[in-house]
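A.B. asks: My structure is below; once you've seen it, I'll send some questions.
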Protein chains: 2
Amino acid sequence: AERAPRRRLSVDERREQLIAVALELFSAHPPDEVSIDDIAAAAGASRPLVYHYFPGKQALYEESLRRAGQELAGRFEEPADGPLSERLYRVMGRYLEYVESHAAGFTALLRGGSVVSGPGADAVIDQVRRAAGEQILLHLAVPDPSPALRRTVRAWIANAEISSLDWLGERAVPREELQLQLVQELVVSLAVTAAREPALAAHLAEYWAAETPEGPTGRLLHDFTALLAT
Amino acid sequence: AERAPRRRLSVDERREQLIAVALELFSAHPPDEVSIDDIAAAAGASRPLVYHYFPGKQALYEESLRRAGQELAGRFEEPADGPLSERLYRVMGRYLEYVESHAAGFTALLRGGSVVSGPGADAVIDQVRRAAGEQILLHLAVPDPSPALRRTVRAWIANAEISSLDWLGERAVPREELQLQLVQELVVSLAVTAAREPALAAHLAEYWAAETPEGPTGRLLHDFTALLAT
C-alpha cells in the first residue's frame with residue numbers, strides 16, 4: 001500500500017507521517033512482521049530517509065507505542081457528570097473500540113515476547129495503566145484511597161486487559177456485552193471493598209443514589225435480585 | 001550459608017539437592033542477584049560440579065521454577081467437599097502462604113525484566129495459570145463452561161496475581177484479609193456472569209444453598225445487606 005505524498009513534507013511533518021504510518025502498521029501486525037522497508041513503502045519514502053529520522057525499528061515502534069498510549073489515556077478522560085457506572089461504560093466503549101481497531105498490535109504488545117518489546121514498551125504499558133487508575137480514582141473522588149481500594153482498581157485494570165486480550169482472540173461475545181460486564185465487575189469489586197470500609201461505603205452510597213435502573217448498576221441490581229429469587 | 005553434605009550424594013540426590021538449593025536462593029532473591037557461585041557455596045559444592053549437572057544459571061533457574069510451579073499447582077488441589085467459597089478460601093490460604101515464603105522470587109518472576117526471564121519462565125507461569133483455572137472449573141463442575149465463564153475465571157486469576165504482587169510490596173492488610181477478599185471477588189464475578197447465563201445461575205444456586213453464614217459468601221451477603229441499608 002504505497003502512498004506518495006503530494007508535496008515535499010517539512011521535517012516535522014515527515015517525522016509525524018512516519019510515526020502515523022508505523023502506528024498503523026504496528027496496529028495491524030505483530031511488530032516482528034513489520035520491517036523498516038514496509039514502513040518506508042507505506043510512507044512513500046526511501047529506507048535511508050526513514051533511518052534519517054529514526055535510528056531503527058525499535059525507536060519507531062516505541063514512538064508509535066507512546067502515541068498509542070497517549071491516545072488511549074486520552075480516551076479515559078470523561079466529564080464527572082451523571083451516574084458513575086454510565087461514565088465508566090462510555091470510557092470502556094472508547095477503550096474497547098480502540099483495542100479492536102489496533103487488535104494485532106495490542107495483542108502482540110500485551111502477550112510480549114517480541115524482539116522489540118522491552119523496557120520501552122513496558123514503560124508505555126505502565127503509563128497507560130497508571131492513567132487508567134488515576135482516572136477511576138478521580139471519578140470516585142475518595143479523599144484518601146486506602147491500599148485495598150487502590151488494589152481493587154489495579155486488579156480490575158488487569159481484568160480489563162486480560163479480558164480484552166481474550167475477547168480479541170475469540171470474539172465470543174459482542175463488544176457491548178464485554179463493555180457492560182467489565183463495568184459491572186468494577187461495581188461489585190468496589191462493593192466488596194466498601195463492605196469492609198465504612199468511609200468508602202458512605203461515599204459510594206452517594207454515587208449509587210444517582211444510578212438509574214437502565215444503567216449498568218441498575219441492570220446488575222435487577223439481575224442480582226432475579227438471581228437471588230431462583 | 002554453606003552446607004557441607006555429610007556423605008557423598010548419588011547423582012540423582014546431588015541433582016535434587018542443587019535444585020532445592022537454587023529454589024531456595026531464587027525464592028529469596030531476584031534471579032539477577034543469584035550466581036552459580038552462590039548456588040555452589042550454599043550446596044557445599046564446587047562451581048565445576050554445578051556446571052557438570054546444569055549448563056548454566058538459566059537452566060537451574062528454569063528447573064527450580066518448574067518445581068515451584070508444580071508445588072503451587074499441587075496446592076490448588078482441594079477435595080470437592082463443603083461450601084464452594086470455603087474450599088476456595090483454603091486454596092487461597094495455601095497459595096498466599098507459598099507466595100509469601102517465596103516473595104522475592106515470585107515478585108521478580110511476575111515483574112519480569114530479568115535476564116533469565118524468557119520463554120521458559122513464561123511457560124511455567126502459563127502452566128500454573130492453567131492449573132488454577134482448571135481447578136476452579138473442576139470445582140464449579142459446570143458441564144460446558146461458556147467463553148464468558150472461562151474469561152471470568154482467567155480474569156480473576158490475573159486479579160489474584162496482581163493483588164498478591166501488590167500485597168507483597170505493601171503488606172497493607174493481613175494475609176487473611178486479602179485471602180477473604182479475593183474469594184469474595186470471585187464469588188461476585190461469578191454472580192455477574194450468572195446474571196446473564198440462566199444455566200450457570202441454576203448451577204450456582206445449588207452451591208449457594210450449601211454456603212454457611214460464617215463462610216466467605218455468607219459474610220459477603222451479610223456485609224452487602226448492611227451496605228444496601230446505608
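A.B. asks: Can you tell me which residues in region B:54-99 are within 18 Å of B:Phe26 (Cβ to Cβ) and among the β-branched types (Val, Ile, Thr)?
C.D. replies: B:Val99
A.B. asks: Which one is surrounded by the most Cβ atoms within 10 Å (Cβ to Cβ), of the residues in region B:127-147 that are in contact with an Asp or Glu (Cβ under 7 Å, 6 or more places away or on another chain) and within 14 Å of chain A (Cβ to nearest Cβ)?
C.D. replies: Ranking the qualifying residues of region B:127-147, first place goes to B:Ser146.
A.B. asks: Checking B:Leu180 against (1) over 29 Å from A:Arg175 (Cα atoms); (2) in contact (Cβ under 8 Å) with a residue 60 or more places away in the chain; (3) within 13 Å of the chain's Cα centre (by Cα): exactly one of these is not met. Which one?
C.D. replies: With respect to (1) over 29 Å from A:Arg175 (Cα atoms); (2) in contact (Cβ under 8 Å) with a residue 60 or more places away in the chain; (3) within 13 Å of the chain's Cα centre (by Cα), B:Leu180 is out only on (3).
A.B. asks: Taking interchain pairs and intrachain pairs at least six residues apart, which have beta carbon atoms under 7 angstrom, with the first residue in region A:150-173 and outside the structural domain of A:Val192 (by TED's automatic domain parsing) and of a type in the set (Phe, Trp, Tyr) and the second buried (at least 20 other Cβ atoms within 10 Å of the Cβ) and not in a helix (DSSP H, G or I)?
C.D. replies: none
Residue-by-condition table, conditions (1) within 17 Å of the chain's Cα centre (by Cα); (2) closer than 23 Å to A:Asp37 by Cβ:
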{"site": "A:Tyr53", "(1), (2)": "no, yes"}
{"site": "A:Gly56", "(1), (2)": "no, yes"}
{"site": "A:Ala104", "(1), (2)": "yes, yes"}
{"site": "A:Leu109", "(1), (2)": "yes, yes"}
{"site": "A:Gly112", "(1), (2)": "yes, no"}
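A.B. asks: Tell me which residues, restricted to region B:21-47, are outside any helix (DSSP H, G or I) and either touching a Lys or Arg at 6+ places or on another chain (Cβ under 9 Å) or assigned by TED's automatic domain parsing to the domain that holds B:His102 (or both).
C.D. replies: Of everything in region B:21-47, those that are outside any helix (DSSP H, G or I) and either touching a Lys or Arg at 6+ places or on another chain (Cβ under 9 Å) or assigned by TED's automatic domain parsing to the domain that holds B:His102 (or both) turn out to be B:Pro30, B:Val34, B:Ser35, B:Gly44, B:Ala45.
A.B. asks: How about region B:151-183: which of its residues are facing another protein chain (nearest Cβ under 8 Å) and either over 18 Å from A:Ile157 (Cα atoms) or of a type in the set (Asp, Glu) (or both)?
C.D. replies: Selection gives B:Glu161, B:Asp166, B:Glu170, B:Ala172, B:Val173, B:Glu177.
A.B. asks: Conditions first: (1) within 13 Å of chain A (Cβ to nearest Cβ); (2) buried (at least 17 other Cβ atoms within 10 Å of the Cβ). B:Ala104 passes all but one, so which condition is the exception?
C.D. replies: Result: B:Ala104 passes all but (1).
A.B. asks: Could you say which residue among B:Leu96, B:Leu84 is aliphatic (A, V, I, L, M), in the same structural domain as B:Leu186 (by TED's automatic domain parsing) and either more than 19 Å from B:Ala158 (Cβ to Cβ) or surrounded by fewer than 20 Cβ atoms within 10 Å (Cβ to Cβ) (or both)?
C.D. replies: On the way: B:Leu96 fails: either more than 19 Å from B:Ala158 (Cβ to Cβ) or surrounded by fewer than 20 Cβ atoms within 10 Å (Cβ to Cβ) (or both).
Selected residue: B:Leu84, the only one of B:Leu96, B:Leu84 that is aliphatic (A, V, I, L, M), in the same structural domain as B:Leu186 (by TED's automatic domain parsing) and either more than 19 Å from B:Ala158 (Cβ to Cβ) or surrounded by fewer than 20 Cβ atoms within 10 Å (Cβ to Cβ) (or both).
A.B. asks: Taking A:Leu200, is it within 16 Å of B:Asp223 (Cα to Cα), surrounded by fewer than 23 Cβ atoms within 10 Å (Cβ to Cβ) and more than 7 Å from every other protein chain (Cβ to nearest Cβ)? Spell out how you get there, then give the answer.
C.D. replies: Numbers: within 16 Å of B:Asp223 (Cα to Cα): yes; surrounded by fewer than 23 Cβ atoms within 10 Å (Cβ to Cβ): yes; more than 7 Å from every other protein chain (Cβ to nearest Cβ): yes.
So A:Leu200 passes the test.
A.B. asks: Here are A:Tyr61, A:Tyr51, A:Tyr95, A:Tyr89: which of them is touching a residue at least 60 places away in the same chain (Cβ under 8 Å), farther than 29 Å from A:Ser189 by Cβ and in a helix (DSSP H, G or I)? I'd like the intermediate steps shown before the answer.
C.D. replies: Working: A:Tyr51 fails: touching a residue at least 60 places away in the same chain (Cβ under 8 Å); A:Tyr95 fails: farther than 29 Å from A:Ser189 by Cβ; A:Tyr89 fails: farther than 29 Å from A:Ser189 by Cβ.
Result of the check over A:Tyr61, A:Tyr51, A:Tyr95, A:Tyr89: A:Tyr61.
A.B. asks: If only one of A:Leu204, A:Leu200, A:Leu228, A:Leu221 is closer than 24 Å to A:Leu96 by Cβ and either among the aromatic types (Phe, Trp, Tyr) or in a helix (DSSP H, G or I) (or both), which one is it? Explain how you work it out, then say what you get.
C.D. replies: Numbers: A:Leu204 fails: closer than 24 Å to A:Leu96 by Cβ; A:Leu200 fails: closer than 24 Å to A:Leu96 by Cβ; A:Leu228 fails: closer than 24 Å to A:Leu96 by Cβ.
One residue alone meets the criteria, A:Leu221.
A.B. asks: Here's something else I'd like to know. Residues to consider are A:Ala121, A:Ala131, A:Ala103; find the one that is of a type in the set (A, V, I, L, M, F, W, C) and within 30 Å of A:Ala205 (Cα to Cα).
C.D. replies: Numbers: A:Ala121 fails: within 30 Å of A:Ala205 (Cα to Cα); A:Ala103 fails: within 30 Å of A:Ala205 (Cα to Cα).
Exactly one of A:Ala121, A:Ala131, A:Ala103 is of a type in the set (A, V, I, L, M, F, W, C) and within 30 Å of A:Ala205 (Cα to Cα), namely A:Ala131.
The values are calculated or read from the model by the stated rules, or taken from the named source; none is laboratory data. What you see is a predicted model, and the numbers here were worked out from it, not measured in a lab. Glycine gets a Cβ as well: all are built from the backbone with ideal geometry, and neighbour counts include every protein chain shown.
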